[in-house]
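Peer 1: Got a structure for you, written out below as structure tokens; questions coming shortly.
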Amino acid sequence: MGTGALVPPIDPAEIGAVVRAAIDAGHLSSDAPAVLFHDLGRLARGLAVLASTFPPSALHAVAIKANPVVGALRHLVARGAGLEAASFEELEIARAAGCPADRVVYDSPAKTEPEIARALERGVRINADNEAELARIDRMMRDRPSASRLGVRLNPAVGAGAIAATSVATRTSKFGIAIPEDPRDLAPLFDRYAWLTGVHVHVGSQGVSLEQLVAGARRAWDVITAVHAALGRTQVRWLDIGGGLPAVYRPSDAPPSARDWADALARAVPALFDGSIELVTEVGRALQAPCGFAISRVEHVKEASGERQAVIHVGADLFVRPTYAPSYWYHEIAVLDARGERKHGPKQPWTIVGPLCFAGDVLARDRPLPPIEPGDLVFVRDVGAYTLGMWSRHCSRAIPAVLGYEDARVAELRVLKPRETPEDVVRAWGG
Ligand SMILES: Cc1ncc(COP(=O)(O)O)c(C=O)c1O
């Protein structure tokens, strides 16, 4: 166990050509001082690892919330991925990414009736969150039958991982129906709804252990077997085990690999691997995080009571979690010169601060880094998940461009999302 990431992290030494291409094409300049990059080749390789580790029939519905950039999702969908949507708007994103309806999974604890109606019309897979939603779906299906496959989210209550805010299988979790002490107690629910053919669990995102991930799937399987025994028939055809495979952020991180996850699942729930039940996963972070990096020009270098500070153009707007909860979230940082070559030299502690108007807008404190000058570029690693997708409009700064490439040496850039203009921002605020 603890043998690693889906794909290796991006090395700042490998992206010089990509950064130069962005500068030469005008994507990175004093007027466009920050850019996000997504390595689409790495993304495809990560998906291939996932696909080859699990049975070929498994549906890998990549969590859109991790990285909603349509071009990146389209790249995954074209290679066989499905998508997990956490809102009606994410269903629209899935459609824009070209995802066939039967590869879309719609999870949300707060779906409105019109949203469910549209999802049923499209035939996407839906995981109901609670009994009221199941009753609502039942009523709606009577008026209009649907091709949607329908499941229910259960809370396996395996407890919190290392990060409370991203642990969703606690006893007081707002998600799903709590699994009762005797799982047979859920049989009447399945008996009432013959269309209820799926079970969904999701334990958390980053900070949950392999044991917790696997225990969540096992508890779901125990429910399925108990329900089938009580009903005297097989009704549940698919088990959605959610996401939660951790990403590597710190050099010391040694998360379980996809192989570790699959092996432990195969021991705990062999049925997922012998064709008895269809497997669905909803991986986000482990696949997307290592494929993205951010580059920002250094606008100013300052010294405040002996603290060396580099002022850059992304802060708590892009890095919501690392700035508000720095004890949990971390990104590796490197310094490049103005043309994208990695800088070396004697390391000193540097504090990397963002552009927003509050004191907590700090991306990294006292990092040992080589000398930094205005005009240098700060490289931030593992930015491919839960960064842009959590963008904060505080101070109304423009969302940087997102550029994709398939091979860092060839450095052919694709604009996945153009940089926002000041007019775009005014429009976003109703102007
Ligand atoms: C229901 C659900 N599925 C999947 C995911 C993806 O988790 P991760 O990105 O950790 O793989 C999340 C993340 O919050 C989620 O809420």
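Peer 1: Answer yes if at least one residue in region 300-312 is of a type outside the set (Gly, Ala, Ser) and touching a Cys at 6+ places or on another chain (Cβ under 8 Å), and no otherwise.
Peer 2: The answer is no; no qualifying residue exists.
Peer 1: Would you pick out the residues in region 285-322 that are part of a helix (DSSP H, G or I), under 14 Å from Leu363 (Cα atoms) and modelled with pLDDT of 95 or more?
Peer 2: Listed by number, the list holds a single entry, Val320.
Peer 1: Related question: Could you check, for region 273-285, whether at least one of its residues is under 16 Å from the mean Cα position of the chain (by Cα), within 15 Å of the ligand (Cβ to nearest atom) and polar (S, T, N, Q)?
Peer 2: There is at least one residue in region 273-285 that is under 16 Å from the mean Cα position of the chain (by Cα), within 15 Å of the ligand (Cβ to nearest atom) and polar (S, T, N, Q).
Peer 1: Filter region 232-247 for residues that are away from the ligand (no atom under 13 Å from the Cβ) and surrounded by 16 or more Cβ atoms within 10 Å (Cβ to Cβ); which is farthest from Gly207 (Cα to Cα)?
Peer 2: If we take residues in region 232-247 being away from the ligand (no atom under 13 Å from the Cβ) and surrounded by 16 or more Cβ atoms within 10 Å (Cβ to Cβ), then Gln235 is farthest from Gly207 (Cα to Cα).
Peer 1: Which count do you get for residues in region 162-216 that are in a helix (DSSP H, G or I), hydrophobic (A, V, I, L, M, F, W, C) and out of contact with any Pro (no Cβ under 6 Å at 6 or more places or on another chain)?
Peer 2: 9
Peer 1: Is there a residue being on the phi < 0 side of the Ramachandran plot, assigned to a strand (DSSP E or B) and surrounded by 15 or more Cβ atoms within 10 Å (Cβ to Cβ) anywhere in region 412-431?
Peer 2: Checking region 412-431: at least one residue is on the phi < 0 side of the Ramachandran plot, assigned to a strand (DSSP E or B) and surrounded by 15 or more Cβ atoms within 10 Å (Cβ to Cβ).
Peer 1: Against the condition within 16 Å of the ligand (Cβ to nearest atom), within 19 Å of Arg285 (Cα to Cα), surrounded by 14 or more Cβ atoms within 10 Å (Cβ to Cβ) and of a type outside the set (Ser, Thr, Tyr), how does Gly404 come out, does it pass?
Peer 2: When the stated conditions are applied, Gly404 does not pass them.
Peer 1: Another question, then. Would you point out the residue of region 34-85, among those that are crowded, with 23+ Cβ neighbours inside 10 Å and of a type in the set (Val, Ile, Thr), that is farthest from the chain's Cα centre (by Cα)?
Peer 2: Ranking the candidates gives Val35 first.
Peer 1: Out of Val320, Val362, Val311, I need the residue that is touching a His at 6+ places or on another chain (Cβ under 7 Å) and either buried (at least 18 other Cβ atoms within 10 Å of the Cβ) or among the aliphatic types (A, V, I, L, M) (or both). Which one?
Peer 2: Only one candidate passes the filter, namely Val311.
Peer 1: Quick one: is Glu89 within 16 Å of the ligand (Cβ to nearest atom) and over 30 Å from Val269 (Cα atoms)?
Peer 2: Criteria met by Glu89.
Peer 1: Look at Glu278 and say whether it is of a type in the set (D, E, K, R), touching a strand residue (DSSP E or B) at 6+ places or on another chain (Cβ under 7 Å) and not assigned by TED's automatic domain parsing to the domain that holds Trp391.
Peer 2: Answer is yes for this residue.
Peer 1: Go over the candidates Val49, Val18 one by one and state the one that is closer than 17 Å to Val335 by Cβ and modelled with pLDDT of 95 or more.
Peer 2: It is Val18.
Peer 1: For a quick check of your reading of the model, give me the residue pairs whose first member lies in region 228-256 and is at positive phi, whose second is assigned to a loop (DSSP other than H, G, I, E, B) and buried (at least 16 other Cβ atoms within 10 Å of the Cβ), with beta-carbon atoms closer than 7 Å and at least 6 apart or on different chains.
Peer 2: That search, which allows pairs on different chains as well, returns Gly242/Val201; Gly242/His202; Gly242/Val203; Gly242/Glu282; Gly244/His202; Gly244/Val203; Gly244/Ser205; Gly244/Val208.
Peer 1: OK, next. Of the residues Ser148, Ser209, only one is within 29 Å of the chain's Cα centre (by Cα), of a type in the set (S, T, N, Q), surrounded by 18 or more Cβ atoms within 10 Å (Cβ to Cβ) and away from the ligand (no atom under 14 Å from the Cβ); which?
Peer 2: That would be Ser148, the only listed residue that is within 29 Å of the chain's Cα centre (by Cα), of a type in the set (S, T, N, Q), surrounded by 18 or more Cβ atoms within 10 Å (Cβ to Cβ) and away from the ligand (no atom under 14 Å from the Cβ).
The values are calculated or read from the model by the stated rules, or taken from the named source; none is laboratory data. Being a predicted model, the structure only gives us computed values, none of them experimental. Positions of Cβ are backbone-derived with ideal geometry, glycine not excepted, and every protein chain shown enters the neighbour counts.
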